[in-house]
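Q: The following block contains the structure, expressed as structure tokens.
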There are 2 protein chains.
Amino acid sequence: MPASIASLDTPVALIDVPQMQRNIQRMQQRMDNLGVRLRPHIKTSKCLPVVQAQIKAGASGVTVSTLKEAEHCFAEGIQDIFYAVAMAPGKLAQALTLKRKGCQLSILTDSLIAAQAIVDFGQQHDERFDVWIEIDCDGHRSGLRVEDESLVDIARILSEGGMQLCGVMTHAGSSYELDTPQALQALAEQERHLCVRAAQRIREAGLACPQVSIGSTPTALSALSLEGVTEVRAGVYVFFDLVMHNVGVCVADELALSVLTTVIGHQKDKGWVITDAGWMAMSRDRGTQRQQRDFGYGQVCTETGDWIDGALLSSANQEHGIITLSSIGDIDITARFPIGSRLRILPNHACATGAQFPDYRACDASGEVQTWSRLHGW
Amino acid sequence: MPASIASLDTPVALIDVPQMQRNIQRMQQRMDNLGVRLRPHIKTSKCLPVVQAQIKAGASGVTVSTLKEAEHCFAEGIQDIFYAVAMAPGKLAQALTLKRKGCQLSILTDSLIAAQAIVDFGQQHDERFDVWIEIDCDGHRSGLRVEDESLVDIARILSEGGMQLCGVMTHAGSSYELDTPQALQALAEQERHLCVRAAQRIREAGLACPQVSIGSTPTALSALSLEGVTEVRAGVYVFFDLVMHNVGVCVADELALSVLTTVIGHQKDKGWVITDAGWMAMSRDRGTQRQQRDFGYGQVCTETGDWIDGALLSSANQEHGIITLSSIGDIDITARFPIGSRLRILPNHACATGAQFPDYRACDASGEVQTWSRLHGW
């Protein structure tokens, strides 16, 4: 007999599969319309059936955040894998092993030193690594500024050293801090423009720079033009979450990941409902804390997924979550949320909450639930 | 050939085993001197070799935060297990299975409704559950206030319903918010006094209440007297962490858990050193944010574990950590922290950071490293 939500032990991470499919379609169609390929970032789900649904919908290749994700994808038949974190020299042997098995793995650098290490290692092992150069488009994290004088030098070191320069890539991570369409469009254009400009600089130096890869979920959903861009990487759109809701790129109904929880007690005087989803289930991510609307550790919904206005998981211990209501009024919380009753909590950040669970429970339109395992660790 | 720290891929969670053993000895000796039994909370490590070291040093039974931890411990030969989260009626079947296999499992309640559900289920299955009643000693989370009129009623429901009332328990979780010996001693005394008083109330009603169980690492290390208490539960003392350091119950050298990381880049203009330990490795726990000293996502140390003053993992993306220095001066960060060099990061909260990893690497006094797996999920 197939499992149903009612049969699940709590806490558990639930995927609303029909909604996930709609999220996948939405992004894929947008990328198709803009004429670029979509290379989804699988760090959000780390889950093969999710990735396969993305590929089936038209995605081409994947982006990964760890070499373990790369190994896992390759073992499952995915060839074209971009490890989009600056390559540490000590990880080159692991990348080499993947390449030698036939994986079309590409790697990333943003420094002369690391680029030279890739060249040296590649030459030593007679391997032509596929390498991207990372551009910093918004001061958010890693990458070279587009006018950095070492940009062309790195491209030259790689090319002359016998490596394959795939192109340039960037990630407008600061998009998570925005919340108006105007600001998002402007950042998306900045991301596009600066990355295309970086490619031009390399090309003007007489070197090939075939690809321009950009992406974050908010900018991918906001860009008006992607001229000059060849591919977009985005991850969290597959589930969306409360941070994305605050950014303004999804509506409440589009959130496809939640945590199913059971009421285990109350502190009636304080209006607290205590659940078995604490921070071990939700993660410690408080991504909405500095946004326009702070959802605590999550938005509380009914077991079937309807938002309960003003009900938040406002604090969390390891295995205890505390729900509070914005206005209690005459509500008897012990009757409204009795011990043993079940709720769903929408997370701040799907990438962080998913990581707390060894697997998802994927619920289809008929209410049938399958177990989808996910990767953990490095 | 046994592994060494130098051979480990990063990021990885390292246990300094000699320091862990000293932490275990310190707590065990204190409890021995105070004349109570120590029932360590294994939710910190979720790791059998750690728990076995605690038992070998004199601990008696374990405390768990999930039934999965209970099942795991029982499968490994540990009999006396206290599941110290209020029992959801829906989990009684799982508890029953454990009991039927011979596990000496005890469970917890803080309400008439849940107590009645335990009695009903126990009678239905002809099983005498061992049950504790949770007391709220500091308004922190769950439990009955000591003068709550339902306290004795719950004890009576359980006893008259054929269950075994083990005793009363409490957890002074608010101790994490304190940072002076005086305040900690006062809270420890409050925790002791109120829990003993709750037991007295039950005894005065003519019911047996054999045990009084209290504990949190800060109060366990601060209590001057544990008169009337039979056992102490504490967890994080086994590793300690920066939150405990701020609370003032451990010194820098006592932190036994760290994350080994590799430098993968720089933003020289900003003084940033970028590492492969992001929030996926450290967790999103920002427990020191509201303490006297905010350590960001962690304190940076050399590869051998020496604190680098003023160096913090000040921000984190999923697989990127950004280290900043409180004063850069004339330091060339690319030379001081070159790409490929390795550092250790001490975490805010050992329970949260450990959970990010499928296993620990346990390093003994000779530098030999073993892999110790840990539980994940529910």
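Q: All but one of (1) of a type in the set (S, T, N, Q); (2) over 21 Å from residue A:189 (Cα atoms); (3) within 14 Å of another protein chain (Cβ to nearest Cβ) hold for residue A:142, so report the exception by its number.
A: So the condition that residue A:142 fails would be (2).
Residue by residue, here is whether (1) of a type outside the set (Gly, Ala, Ser); (2) open to solvent by 50 Å² or more (accessible area, probe 1.4 Å); (3) on the phi > 0 side of the Ramachandran plot holds:
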residue: B:7; (1), (2), (3): no, yes, no
residue: B:17; (1), (2), (3): yes, no, no
residue: B:22; (1), (2), (3): yes, yes, no
residue: B:37; (1), (2), (3): yes, yes, no
residue: B:57; (1), (2), (3): no, no, no
residue: B:66; (1), (2), (3): yes, no, no
residue: B:75; (1), (2), (3): no, yes, no
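Matching residues to (1) among the aromatic types (Phe, Trp, Tyr); (2) in a helix (DSSP H, G or I); (3) surrounded by fewer than 23 Cβ atoms within 10 Å (Cβ to Cβ):
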position	(1), (2), (3)
A:288	no, no, no
A:291	no, no, yes
A:297	yes, no, no
A:315	no, no, yes
A:318	no, no, yes
A:345	no, no, no
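Q: Right, here's the next one. Being in a loop (DSSP other than H, G, I, E, B), in contact (Cβ under 8 Å) with a residue 24 or more places away in the chain, open to solvent by 40 Å² or more (accessible area, probe 1.4 Å) and of a type in the set (Lys, Arg) is the requirement here; does residue A:361 meet it? Can you show your working first?
A: Numbers: in a loop (DSSP other than H, G, I, E, B): no; in contact (Cβ under 8 Å) with a residue 24 or more places away in the chain: yes; open to solvent by 40 Å² or more (accessible area, probe 1.4 Å): yes; of a type in the set (Lys, Arg): yes.
The answer is no for residue A:361.
Q: Restricting the search to segment B:299-311, which residues are open to solvent by less than 40 Å² (accessible area, probe 1.4 Å) and of a type outside the set (Val, Ile, Thr)?
A: Within segment B:299-311, B:299, B:301, B:305, B:310, B:311 meet the criteria.
Q: Considering only segment A:150-166, state which residues are assigned to a helix (DSSP H, G or I) and not acidic (Asp, Glu). If you could, list the steps in order and put the result at the bottom.
A: Restricting attention to segment A:150-166, the residues satisfying the condition of being assigned to a helix (DSSP H, G or I) are A:150-160.
Within segment A:150-166, A:150, A:151, A:152, A:154, A:155, A:156, A:157, A:158, A:159 meet the criteria.
Q: Now a separate question. All but one of (1) among the polar types (S, T, N, Q); (2) open to solvent by less than 50 Å² (accessible area, probe 1.4 Å); (3) in a strand (DSSP E or B); (4) in contact (Cβ under 8 Å) with a residue 24 or more places away in the chain hold for residue B:370; which doesn't?
A: (2)
Q: I'd like the full set of residues that are of a type in the set (Asp, Glu) and either within 14 Å of chain B (Cβ to nearest Cβ) or open to solvent by less than 10 Å² (accessible area, probe 1.4 Å) (or both), limited to segment A:220-253. If you could, list the steps in order and put the result at the bottom.
A: Taking segment A:220-253 as the starting set, the residues that turn out to be of a type in the set (Asp, Glu) are A:227, A:231, A:241, A:253.
Within segment A:220-253, A:231, A:241 qualify.
Q: Select from segment B:254-268 the residues that are farther than 30 Å from residue A:139 by Cβ and in contact with a strand residue (DSSP E or B) (Cβ under 9 Å, 6 or more places away or on another chain) and write down the one among them that is nearest to the other protein chains (Cβ to nearest Cβ). Quick ask: steps written out before the conclusion?
A: Step one: of segment B:254-268, the residues farther than 30 Å from residue A:139 by Cβ are B:254-257.
If we keep only those that are in contact with a strand residue (DSSP E or B) (Cβ under 9 Å, 6 or more places away or on another chain) too, we end up with B:255-257.
Numbers: B:255: 19, B:256: 19, B:257: 16 Å.
Ranking the qualifying residues of segment B:254-268, first place goes to B:257.
Q: Kindly list, by first and then second residue, each pair from a residue in segment A:61-76 that is away from every other protein chain (no Cβ under 14 Å) to a residue that is part of a helix (DSSP H, G or I), limited to pairs with Cβ atoms under 7 Å and residues at least 6 apart or on different chains.
A: A:62/A:51; A:62/A:73; A:73/A:51; A:74/A:98; A:76/A:48
Q: May I pose another question? Residue check: is residue A:161 surrounded by 15 or more Cβ atoms within 10 Å (Cβ to Cβ) and either more than 14 Å from residue A:196 (Cα to Cα) or touching a His at 6+ places or on another chain (Cβ under 9 Å) (or both)? Walk me through it before giving the result.
A: Values: surrounded by 15 or more Cβ atoms within 10 Å (Cβ to Cβ): yes; either more than 14 Å from residue A:196 (Cα to Cα) or touching a His at 6+ places or on another chain (Cβ under 9 Å) (or both): yes.
Criteria met by residue A:161.
Q: Tell me the residue from B:192, B:203 that is open to solvent by 10 Å² or more (accessible area, probe 1.4 Å), under 20 Å from the mean Cα position of the chain (by Cα) and over 30 Å from residue A:349 (Cα atoms), please. Working first, answer last.
A: Details: B:203 fails: under 20 Å from the mean Cα position of the chain (by Cα).
After ruling out the rest, the residue left standing is B:192.
Q: Counting only residues that are facing another protein chain (nearest Cβ under 7 Å) and more than 18 Å from the chain's Cα centre (by Cα), which one in segment B:77-90 is surrounded by the most Cβ atoms within 10 Å (Cβ to Cβ)?
A: Step one: filter segment B:77-90 for residues facing another protein chain (nearest Cβ under 7 Å), giving B:85-86, B:88-90.
Then keep just the ones that are more than 18 Å from the chain's Cα centre (by Cα); that gives B:88-90.
Details: B:88: 24, B:89: 17, B:90: 18.
Among those residues, the one meeting the criterion is B:88.
Q: If you take the residues in segment B:35-46 that are away from chain A (no Cβ under 14 Å) and in contact with a strand residue (DSSP E or B) (Cβ under 8 Å, 6 or more places away or on another chain), which one is farthest from residue B:344 (Cα to Cα)?
A: Restricting attention to segment B:35-46, the residues satisfying the condition of being away from chain A (no Cβ under 14 Å) are B:35-40.
Of the ones still in play, those that are also in contact with a strand residue (DSSP E or B) (Cβ under 8 Å, 6 or more places away or on another chain) are B:36-40.
Numbers: B:36: 36, B:37: 35, B:38: 31, B:39: 31, B:40: 27 Å.
Going through the qualifying residues, I end up with B:36.
Q: Of all the residues that make up segment A:293-310, how many are of a type outside the set (Lys, Arg) and within 19 Å of residue A:349 (Cβ to Cβ)? Spell out how you get there, then give the answer.
A: Taking segment A:293-310 and keeping what is of a type outside the set (Lys, Arg), we get A:294-310.
Then drop every residue that is not within 19 Å of residue A:349 (Cβ to Cβ), which leaves A:294-301, A:305, A:307.
Residues in segment A:293-310 being of a type outside the set (Lys, Arg) and within 19 Å of residue A:349 (Cβ to Cβ): 10 in total.
Q: Quickly run through segment A:207-239 and pick out the residues that are over 19 Å from residue A:82 (Cα atoms) and in contact with a Lys or Arg (Cβ under 9 Å, 6 or more places away or on another chain).
A: A:207, A:219, A:221, A:223, A:225, A:226, A:227, A:228 - these are the residues of segment A:207-239 that are over 19 Å from residue A:82 (Cα atoms) and in contact with a Lys or Arg (Cβ under 9 Å, 6 or more places away or on another chain).
Q: Would you call residue A:113 of a type in the set (Val, Ile, Thr), assigned by TED's automatic domain parsing to the domain that holds residue A:101 and closer than 11 Å to residue A:170 by Cβ?
A: No, not satisfied.
Q: Name, by its number, the condition in (1) in contact (Cβ under 8 Å) with a residue 24 or more places away in the chain; (2) open to solvent by 20 Å² or more (accessible area, probe 1.4 Å); (3) not aliphatic (A, V, I, L, M) that does not hold for residue A:109.
A: For residue A:109, the exception is condition (2).
Q: Now, a different point. Specify the residue that is farthest from the other protein chains (Cβ to nearest Cβ); the eligible residues are those in segment B:269-283 that are surrounded by 23 or more Cβ atoms within 10 Å (Cβ to Cβ) and either under 19 Å from the mean Cα position of the chain (by Cα) or among the aromatic types (Phe, Trp, Tyr) (or both).
A: Filtering segment B:269-283 for residues that are surrounded by 23 or more Cβ atoms within 10 Å (Cβ to Cβ) and either under 19 Å from the mean Cα position of the chain (by Cα) or among the aromatic types (Phe, Trp, Tyr) (or both), the one farthest from the other protein chains (Cβ to nearest Cβ) comes out as B:282.
Q: Please enumerate the residues belonging to segment B:326-358 that are at the interface with chain A (Cβ under 8 Å from one of its Cβ atoms) and of a type in the set (Phe, Trp, Tyr).
A: Residue satisfying the conditions is B:357 alone.
Q: Inside segment B:320-335, can you point out the residues that are surrounded by 14 or more Cβ atoms within 10 Å (Cβ to Cβ) and either free of Cβ contacts under 8 Å to residues at least 40 places away in the same chain or in contact with a Ser or Thr (Cβ under 9 Å, 6 or more places away or on another chain) (or both)?
A: B:320, B:321, B:322, B:323, B:324, B:334
The values are calculated or read from the model by the stated rules, or taken from the named source; none is laboratory data. Since we're looking at a predicted model, the values are computed, not measured. With ideal geometry, Cβ positions are generated from the backbone for all residues, glycine too; neighbour counts draw on all protein chains shown. Accessible surface is based on the protein model in full, side chains and every heavy atom, while ligands, DNA and RNA are left aside. Shrake-Rupley method; radii C 1.70, N 1.55, O 1.52, S 1.80 Å.
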